[in-house]
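This is the structure, below, for whatever I ask next.
The values are calculated or read from the model by the stated rules, or taken from the named source; none is laboratory data. All figures in this text were calculated on a predicted structure; none of them were measured in a lab. We place every Cβ from the backbone using ideal geometry, glycine too, and count neighbours over all the protein chains shown. The accessibility values were calculated without ligands, DNA or RNA, using every heavy atom of the protein model including side chains. Shrake-Rupley method; radii C 1.70, N 1.55, O 1.52, S 1.80 Å.
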Amino acid sequence: MEIQSIKQRFGIIGNDPKLSRAIDIARQVAATDLTVLITGESGTGKEVFPQIIHHLSSRKHKSYIAVNCGAIPEGTIDSELFGHEKGSFTGAHEARKGYFEEVNGGTIFLDEVAELPLSTQVRLLRVLETGEFLKVGSSKVIKTDVRVIAATNVQITEAIQRGKFRQDLYYRLNSVPIQIPPLRDRKEDIHLLFRKFANDFAEKYRMPALQLTDEAVTLLINYRWDGNIRQLKNITEQISIIESERLITHQTLIKYLPKTTMVSLPVLYSKDDFNHDLTDRDILYKVLWDMKKDINDLKRTIFELSQKSDTKHLQESDPVLIKKIYHDVSNETKDFDSSVLNDGDYEQITEEVANENSRAEESLSIQEKEIDLIKKALARYNGKRKLAAKDLGISERTLYRKIKEYDIS
Ligand SMILES: Nc1ncnc2c1ncn2[C@@H]1O[C@H](COP(=O)(O)OP(=O)(O)O)[C@@H](O)[C@H]1O
Ligand SMILES: [Mg+2]
């Protein structure tokens with residue numbers, strides 16, 4: 001099948017060569033039984049790839065199932081994947097078939113595979129290597145013929161270093177890697193995708209499609225899109241619903257684009273790191289430290305400028321000065337194409353930089369409050385995690401993770 005027709009059949013928009021290459025690999029690997037690991041930031045469009053592979057393979061008439069490993073509680077995931085015997089744990093009133101038995105002959109997509117607990121990783125490795133597994137609470141070996149495709153939005157190599165992911169499993173899963181580029185690296189496709197979503201929502205809400213002015217297009221293309229295609233789609237929907245004027249200017253558009261604090265962060269930390277270790281003290285301190293440095297640089301720049309300048313009255317709102325400060329501060333990062341900004345926007349951005357410090361401090365104190373709440377809840381229930389989790393309104397698994405992360409005893 002031609003790449004173009006695959007795109008059409010699976011509703012994939014975009015002409016980026018990196019995207020086409022990913023589709024090409026999926027197409028070629030489909031006919032084999034090789035395990036495939038799809039990596040890419042959240043929202044880049046990973047979910048369609050295992051479907052392409054399954055539907056172009058000889059397994060296409062057999063079952064396909066997608067399992068979100070991050071969404072299944074740690075306590076039941078082995079049973080969901082591999083099944084269990086009656087009475088193998090409290091509540092196991094009936095024996096149950098797991099996905100690896102049900103999907104025999106077909107394809108399993110393990111989404112967010114890095115979230116699998118280590119004990120499940122051992123079982124998974126075994127079934128990948130031998131085609132054999134045991135149900136929970138059983139010693140009878142069961143054979144299965146399942147093709148596994150996995151996806152992750154985390155840097156798995158870092159998870160391995162942190163001891164959260166087995167290296168041998170990684171190598172086994174990664175027989176064929178497919179990388180999905182972030183939207184910001186597919187600039188040519190951004191406007192294309194916007195038009196596609198604008199048309200879809202126009203149809204859905206029965207109104208004329210949104211259009212962008214030239215400046216708005218430039219802004220759209222140069223935005224960071226940390227949430228990738230999912231974020232672009234959501235924002236297009238919001239604008240479609242809220243704005244009555246169908247021609248969208250960049251002033252209107254900018255209101256919908258979150259002023260990502262990532263403007264000064266991404267060089268040090270990929271977005272994935274930042275999200276996953278947001279609760280990690282080290283990173284927060286480092287972030288605070290960098291912000292402090294930025295602000296000191298900013299102060300110095302203002303000072304130097306006021307020394308150099310022979311006009312005695314430098315006004316803070318002077319767009320030229322603010323432009324200069326903004327350029328100096330963001331010079332290292334260059335993530336944001338400043339040419340798309342208007343003079344008025346610089347005020348917003350300088351304010352933003354100044355606000356970052358207090359914002360990060362806020363999240364630090366939120367973290368402390370969270371630790372405090374967890375400790376109190378645990379004390380209240382004599383360390384019973386199930387009850388404490390319920391009280392806190394989080395899953396037991398999340399509580400477990402937080403206890404580990406914050407090192408709460
Ligand atoms: N190339 C594309 N063309 C059109 N829509 C896309 C494309 N890639 C992703 N999408 C849409 O973007 C959203 C996010 O995609 P998804 O596969 O769920 O991302 P991920 O699993 O990588 O987080 C979905 O609504 C999907 O339909
Ligand atoms: Mg996904």
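So is Ser5 open to solvent by less than 70 Å² (accessible area, probe 1.4 Å), of a type outside the set (A, V, I, L, M) and out of contact with any strand residue (DSSP E or B) (no Cβ under 9 Å at 6 or more places or on another chain) or not? Give the steps one after another, and end with the answer.
On the way: open to solvent by less than 70 Å² (accessible area, probe 1.4 Å): yes; of a type outside the set (A, V, I, L, M): yes; out of contact with any strand residue (DSSP E or B) (no Cβ under 9 Å at 6 or more places or on another chain): yes.
Against the criterion (open to solvent by less than 70 Å² (accessible area, probe 1.4 Å), of a type outside the set (A, V, I, L, M) and out of contact with any strand residue (DSSP E or B) (no Cβ under 9 Å at 6 or more places or on another chain)), Ser5 qualifies.
Go through the stretch 139-183 and count every residue that is in contact with a Gly (Cβ under 9 Å, 6 or more places away or on another chain) and under 18 Å from Leu125 (Cα atoms).
Of all residues in the stretch 139-183, those in contact with a Gly (Cβ under 9 Å, 6 or more places away or on another chain) come to 142-147, 151-153, 178-183.
Filter once more, so that each one left must be under 18 Å from Leu125 (Cα atoms): 142-147, 151-152.
The total comes to 8.
Working only within the stretch 33-43, note down all residues that are part of a strand (DSSP E or B) and hydrophobic (A, V, I, L, M, F, W, C). Write out each step before concluding.
Restricting attention to the stretch 33-43, the residues satisfying the condition of being part of a strand (DSSP E or B) are 36-39.
Val36, Leu37, Ile38, listed by residue number.
Could you count how many residues in the stretch 205-247 are of a type in the set (A, V, I, L, M), open to solvent by less than 60 Å² (accessible area, probe 1.4 Å) and over 26 Å from Pro181 (Cβ atoms)? Working first, answer last.
Start the filter on the stretch 205-247 by keeping residues that are of a type in the set (A, V, I, L, M), which leaves 207, 209-210, 212, 216-217, 219-221, 229, 232, 235, 239, 241-242, 247.
With open to solvent by less than 60 Å² (accessible area, probe 1.4 Å) added as a condition, the list becomes 209-210, 212, 216-217, 219-221, 229, 232, 235, 239.
So of that shortlist, the ones also over 26 Å from Pro181 (Cβ atoms) come out as 209.
Looking only at that region, the number is 1.
What are the residue pairs meeting all of these: first residue in the stretch 8-23, first residue in contact (Cβ under 8 Å) with a residue 60 or more places away in the chain and of a type in the set (A, V, I, L, M), second residue open to solvent by less than 50 Å² (accessible area, probe 1.4 Å) and more than 10 Å from ligand 1 (Cβ to nearest atom), Cβ atoms under 8 Å, and 6 or more apart or on different chains?
Close Cβ pairs satisfying both conditions: Leu19/Pro181; Ala22/Ile178; Ala22/Pro181.
Has the stretch 122-145 got any residue that is hydroxyl-bearing (Ser, Thr, Tyr) and under 16 Å from Cys69 (Cα atoms)? Walk me through it before giving the result.
Here is the first cut: in the stretch 122-145, the ones hydroxyl-bearing (Ser, Thr, Tyr) are 130, 138-139, 144.
Checking the rest, the ones that are also under 16 Å from Cys69 (Cα atoms) come to none.
No: the stretch 122-145 contains no residue that is hydroxyl-bearing (Ser, Thr, Tyr) and under 16 Å from Cys69 (Cα atoms).
Something else: Does the stretch 18-32 contain any residue that is open to solvent by 20 Å² or more (accessible area, probe 1.4 Å), more than 16 Å from ligand 2 (Cβ to nearest atom) and assigned to a loop (DSSP other than H, G, I, E, B)? Lay out the reasoning, then the answer.
First pass over the stretch 18-32, keeping only residues open to solvent by 20 Å² or more (accessible area, probe 1.4 Å): 18, 20-21, 24-25, 27-28, 31-32.
Checking the rest, the ones that are also more than 16 Å from ligand 2 (Cβ to nearest atom) come to 18, 20-21, 24-25, 27-28, 31-32.
With assigned to a loop (DSSP other than H, G, I, E, B) added as a condition, the list becomes 31-32.
Yes, the stretch 18-32 contains at least one residue that is open to solvent by 20 Å² or more (accessible area, probe 1.4 Å), more than 16 Å from ligand 2 (Cβ to nearest atom) and assigned to a loop (DSSP other than H, G, I, E, B).
Filter the stretch 248-260 down to residues that are open to solvent by less than 40 Å² (accessible area, probe 1.4 Å) and assigned to a helix (DSSP H, G or I), then give me how many there are. Walk me through it before giving the result.
Restricting attention to the stretch 248-260, the residues satisfying the condition of being open to solvent by less than 40 Å² (accessible area, probe 1.4 Å) are 248, 250, 252-254, 256-257, 260.
Keeping just the survivors that are assigned to a helix (DSSP H, G or I) gives 250, 252-254, 256.
Looking only at that region, the number is 5.
Restricting to the stretch 33-49, and then to whatever is away from ligand 2 (no atom under 12 Å from the Cβ) and of a type outside the set (S, T, N, Q), can you tell me which residue is surrounded by the most Cβ atoms within 10 Å (Cβ to Cβ)?
Pass one, the stretch 33-49, residues away from ligand 2 (no atom under 12 Å from the Cβ): 33-37.
The next check asks that each one be of a type outside the set (S, T, N, Q); those that pass are 33-34, 36-37.
Values: Asp33: 14, Leu34: 13, Val36: 25, Leu37: 22.
Applying the filter and picking the extreme gives Val36.
For (1) farther than 23 Å from Asn15 by Cβ; (2) assigned to a helix (DSSP H, G or I); (3) of a type outside the set (A, V, I, L, M, F, W, C), each residue gets a yes or a no:
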site: Leu192; (1), (2), (3): no, yes, no
site: Phe197; (1), (2), (3): no, yes, no
site: Met207; (1), (2), (3): yes, no, no
site: Arg224; (1), (2), (3): no, no, yes
site: Ile241; (1), (2), (3): yes, yes, no
site: Ser244; (1), (2), (3): yes, no, yes
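Okay, residues lined up against (1) of a type outside the set (Asp, Glu); (2) open to solvent by less than 70 Å² (accessible area, probe 1.4 Å):
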| site | (1), (2) |
| --- | --- |
| Glu85 | no, yes |
| Gly91 | yes, yes |
| Ala95 | yes, yes |
| Glu102 | no, no |
| Glu115 | no, yes |
| Gln121 | yes, yes |
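Give the residues of the stretch 56-83 that are touching a residue at least 40 places away in the same chain (Cβ under 8 Å), open to solvent by 10 Å² or more (accessible area, probe 1.4 Å) and over 16 Å from Glu101 (Cβ atoms), sorted by residue number.
If the condition is that a residue be touching a residue at least 40 places away in the same chain (Cβ under 8 Å), open to solvent by 10 Å² or more (accessible area, probe 1.4 Å) and over 16 Å from Glu101 (Cβ atoms), then Leu56, Ala66, Asn68, Gly70, Ala71, Pro73, Glu74, Gly75 are the ones that fit.
Related question: Only one residue in Ala159, Ala151 is within 21 Å of the chain's Cα centre (by Cα), within 16 Å of ligand 2 (Cβ to nearest atom) and open to solvent by less than 20 Å² (accessible area, probe 1.4 Å). Which one? Outline the logic, then answer.
Numbers: Ala159 fails: within 16 Å of ligand 2 (Cβ to nearest atom).
Of Ala159, Ala151, the one residue that is within 21 Å of the chain's Cα centre (by Cα), within 16 Å of ligand 2 (Cβ to nearest atom) and open to solvent by less than 20 Å² (accessible area, probe 1.4 Å) is Ala151.
Moving on to the next point. I'm trying to understand the selection: among the residues of the stretch 168-185, which are open to solvent by less than 10 Å² (accessible area, probe 1.4 Å) and in a helix (DSSP H, G or I)?
Listed by number, the residues that qualify are Leu169, Leu173, Leu183.
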